[in-house]
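Novice: So that we are looking at the same thing, I have put the structure below in structure tokens.
Nothing in this text is a laboratory measurement; each read-out follows from the coordinates by a stated rule. Keep in mind that what you see is a predicted model, and the values were worked out from it rather than measured. In this analysis, Cβ positions are derived from the backbone assuming ideal geometry, glycine residues included, and neighbour counts consider all displayed protein chains.
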Amino acid sequence: MAERSFVEEVKKLRLGAGEVFSGEGILAVTKALLESGVAYVAGYQGAPISHLMDVLADAQDILQEHGIRFENSASEATAAATLAASVNYPLRGAVTFKATVGTNVASDALANLASGGVTGGALIIVGEDYGEGSSIMQERSHAFAMKSQMWLLDPRPNLPCIVQSVKDGFDLSEATNTPVMLQLRIRACHVHGQFVASDNRRPTFTIKDAMETPHRDVSRIVLPPASFLHEQEKIKDRWPAAIRFIEQRQLNEFFSEGADDIGLIVQGGGYNTAIRALDHLGLSDVYGESAIPLYVMNVAYPLIDSELLRFCEGKRAVLVLEEGQPNFVEQNIASILRRAGQTAALHGKDMLPMAGEYTAATMLKGIRLFLEHYGRIEPVPAEPVVRRVIPLVAQEVRRTVVPVEASGDANTEVDAPEGAGQTPLTPADVAMAEEETAAPALALEDTVHARPPGFCTGCPERPIFTAMKLVERELGPHHVSADIGCHLFSILPPFNLGNTTMGYGLGAAGAAALNVPAGKRAISVMGDGGFWHNGLTSGIANAVFNRSDNLTIVVDNSYTSATGGQDILSSKALNPTRSTGHLIEKAARGVGVEWVKTIRRTYDLKAMTDTLREALTTTVKGPRVLVAQSECMLNMQRREKPKVRQAIAAGERVVRERFGVDADTCTGDHSCIRLSGCPSLSIKPNPDPLRTDPVATVMDSCVGCGLCGEVSHAAVLCPSFYRAQIVSNPTRWDRARQRLRGAVIGWLQRRAEARRAQWVL
């Protein structure tokens, strides 16, 4: 099951010409594909573009009505290779995956595609996941587009621009015989808005037509001497064609062009953020009416010399807002301006950070610096240093006798502070004291810590790594080759496992060099999604071929949890459009692994620990594969909670299990927290005044998996943990049993209290 269903939303895909489409960016892209006459779509899930595959899966009936082939590919490389259908035939095809890791996996197919060129429009929709919230290495798609010479679109993040970019992308691809990369940043993927729809189009040339009339063009195949001619074709034919198309279609945009003699150059994806920054400075409104000229590059590559020279003509200076590094765009613009003899000063990374996401706050600082430098706004006055003075503790007041001048010769008893008669403090002394006791105001990032990534409550992957830590206590630490997925969180506290990670499904391959006779065996980890994506061949089969003696743990939670819960080959769910139920164990044995074991329930910590110990100590040689199965708790909760709510509303008896901690029994060693790290576990003050250590407590987010109690004493339920049943719509027997239990417990409590009272003096 997917993380999110679009069954209701996909009905909007049937809207016709003149009707207003309202929805999310992902859904708008799908509608644009239908309006463009696409013949086939393929892809692989990955944030922030995962839901595009979910939308397409839920829109199967609409796709079939229009003769569109949809395929949920085994990997990004598989998806990219699908575009081969557009090489010889006028078929419009689109593929989608995550950038940049997805682009890296697909690079071989994409490079070949870009070299030979295409006949039909080929669109690569990549979800750009750059920034602080990303889980991948910080790279951009720009470099890959330049390397293989594929045109890169980066539209303004609003629905009309996104939809138009999809259509322009197909046209540009066909006009230049070049694949086009459409970059959708995370905000563009999830932005909501409206656009006026057009009619959906059936492909003019269908896949069936291609099958019945096969065509072959040797010049499109990357093989000498054609491969040498492709490089010349790119420069002599395709590049000029792209420039003409972009200029004629006016894909890039000018705003307030003659408003000032300074200006901003920004890629389309960063337009909204730039406008927001200008709005803060009072130089734009929320509708984009700017007092500063803007050149918006909805085409990030190639750059258009004529448009840049036009924008910079007569301007003193321009600021390039280019997120990330290296500063490809800035360098290219500098080269264009200098060759043309333009005198406009060019700024960019000298006023903005070299690396990192350009948020509104980041752009605001850079644009403010630029505008202050050229006298468009006044510099912000330096804020006075605000010091928090800690007030002095109230001094003890004592009764003393002091002379009172007004009475002349009489002494009067008055209140005086301790130390009266001493030399009073001067203003300088007070200021110095305040300086010493003052605490400077801290920035928000210094006071509010970022939430560290970790496993969800009840995650079935947590007991796997708990077992590894328990075995580590016996056998010592082992080299652990990690993999992309939720299990990568095991590298962080409290588990601190994982030495390297090299990519999706490459866990076993990452430990290949460590296959030597030694006292210990390397451990590699991969998920079921990574196993089918790349791990079966690059990891498991490679280990068999090279007679590896290492251990590979395959985390099998029935679907690709990390990318949204999509079904895969080993999924247990019956999928009407996919073939599922193919066992990972069977596949591993099929490539030659002899030692393969499957644990059906990872929460059985004793079984996990015993099997791990056996895999690491057995004298049997050869690769070992341990398949650890349990369903993703988060996905299960999404599926089961609505059912539970419906059952309760219908008056049915429903039992939910939760765990708790008896504060009087808890020793306060917190092994449950240290060995499980469950977010539902916390601490609270010890109720025993004679004990200072805080005790463990279970919060309401508990899902009742029971791992925390098991790990406390190495697979023996900790006596301080208790399991409670929450019964909704209880029966008469439930109520009677509860009354009986209450009476017995109450009697025992009263008896114990009476015994303690005997010893009270």
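Novice: Would you please give the FRET efficiency between Leu492 and Glu212, computed as 1/(1 + (r/R0)^6) with r the Cβ-Cβ distance and R0 = 60 Å, to the nearest 0.05?
Specialist: 0.60
Novice: Return an integer: the convex hull volume of the alpha-carbon atoms of segment 556-706, in Å³ per residue.
Specialist: Here the figure is 167 Å³ per residue.
Novice: Additional query: Work out how much length Arg316 to Arg589 would gain on full extension: take 0.36 nm times their residue separation and subtract the Cα-Cα distance, in nm to one decimal.
Specialist: 91.3 nm
Novice: Quote the convex hull volume per residue of segment 462-635, based on C-alpha atoms, as a whole number of Å³.
Specialist: 104
Novice: Now for a different question. Which of the trypsin sites (Lys or Arg not before Pro) across segment 628-667 are loop residues per DSSP, with 14 or fewer other Cβ within 10 Å?
Specialist: Arg653
Novice: May I pose another question? Take segment 650-753, compute every pairwise Cα distance, and split them into 5 Å bins from 0; I just need the percent in each bin.
Specialist: All Cα pairs considered, the percentages come to 2, 11, 17, 18, 16, 16, 12, 5, 1, 0.
Novice: Under a crude label model (7 Å from the Cα following the beta-carbon direction), how far is His190 from Glu640 in nanometres?
Specialist: Output for this residue pair reads 2.7 nm.
Novice: What longest region of the chain stays clear of GluC sites (Glu not before Pro) that DSSP places outside H, G, I, E and B and that have at most 10 other Cβ atoms within 10 Å? Don't skip to the answer; put the middle values down first.
Specialist: Values: sites that count: Glu8, Glu132, Glu396, Glu418.
That gives 419-761 as the longest site-free run.
Novice: For segment 539-637, evaluate the Debye formula with one uniform point scatterer on each Cα (no solvent term) and list log10 I(q)/I(0) at q = 0.11, 0.19, 0.22, 0.23 Å⁻¹, rounded to two decimals.
Specialist: -0.37, -0.97, -1.16, -1.21
Novice: What is the gain in length, in nm to one decimal, between Leu475 and Leu281 on full extension, counting 0.36 nm per residue of separation less the C-alpha to C-alpha distance?
Specialist: Values: separation 194, 0.36 × 194 = 69.84 nm, distance 6.18 nm.
That works out to 63.7 nm of additional length.
Novice: Counting residues in segment 252-373 as N, plug N into 2.2 N^0.38 Å and put the Cα Rg over that result.
Specialist: 0.95
Novice: Take the alpha carbon atoms of segment 183-208, find their center, do the same for segment 457-472, and report the distance between the two centers in whole angstrom.
Specialist: Segment 183-208 and segment 457-472 have Cα centres spaced 43 Å from each other.
Novice: If each residue of separation counts as 0.36 nm, what is the full-extension length gain between Ser701 and Trp239 once their alpha-carbon separation is subtracted? Don't skip to the end; give the middle numbers.
Specialist: On the way: separation 462, 0.36 × 462 = 166.32 nm, distance 5.71 nm.
Going from the current span to full extension adds 160.6 nm.
Novice: In addition: Once Lys and Arg get +1 and Asp and Glu get -1 on their Cβ, which of Leu303, Gly348, Leu364 lies farthest toward the positive end of the dipole of segment 252-373?
Specialist: Gly348
Novice: Additional query: At 7 Å along the Cα-to-beta-carbon direction for both Met354 and Arg653, put a label point, then send me their distance in nm to one decimal.
Specialist: 6.9
Novice: Sticking with this structure for a sec: More than 16 angstrom separation, counting every C-alpha pair in segment 59-130; what % is that?
Specialist: Of the Cα pairs, 50 percent sit more than 16 Å apart.
Novice: Stokes-Einstein at 25 °C, 0.890 mPa s, Kirkwood radius from Cα pairs: D for segment 451-522 in µm² s⁻¹?
Specialist: It comes out at roughly 188 µm²/s.
Novice: Using 31 Å as the Cα-Cα cut-off, could you pick out the over-long pairs in Lys597/Lys684; Lys365/Lys684; Lys98/Lys349; Lys520/Lys597; Lys31/Lys365?
Specialist: Lys597/Lys684; Lys365/Lys684; Lys31/Lys365
Novice: Another question about this same structure. Compute the relative contact order of the chain as a whole-number percentage, counting only Cα pairs closer than 8 Å that sit 6 or more residues apart in sequence. It would help to have the intermediate numbers written out before the result.
Specialist: Working: 1398 pairs, mean separation 66.8, N = 761.
After rounding, I find 9 percent.
Novice: If I take every Cα pair under 8 Å that is 6 or more residues apart in segment 656-761, average their sequence separation and divide by the length, what percent do I get for the relative contact order? It would help to have the intermediate numbers written out before the result.
Specialist: Values: 120 pairs, mean separation 34.1, N = 106.
Value for segment 656-761: 32 percent.
Novice: Only four residue types carry charge here, +1 at the Cβ of Lys and Arg and -1 at the Cβ of Asp and Glu. Report the dipole size of the chain about the Cα centre in Debye, rounded to the nearest 20. If you can, show how the numbers build up before the last one.
Specialist: On the way: 77 positive and 85 negative charges, 720 e Å.
Computed about the Cα centre, the dipole is about 3460 debye.
Novice: So what does the Cα-only Debye profile of the chain read at q = 0.07 Å⁻¹, as log10 I(q)/I(0), no solvent term?
Specialist: Rounded to two decimals, the profile gives -0.69.
Novice: Right, something else. What FRET efficiency, computed as 1/(1 + (r/R0)^6) with R0 = 41 Å and r the Cβ-Cβ distance, is obtained for Asn575 and Phe205, rounded to the nearest 0.05?
Specialist: 0.85
Novice: State the answer as a single residue: which of Ile235, Asn158, Ile484 lies farthest towards the positive end of the charge dipole of the chain, with beta carbon charges of +1 for Lys and Arg and -1 for Asp and Glu, about the Cα centre.
Specialist: Most positive-ward Cα: Ile484.
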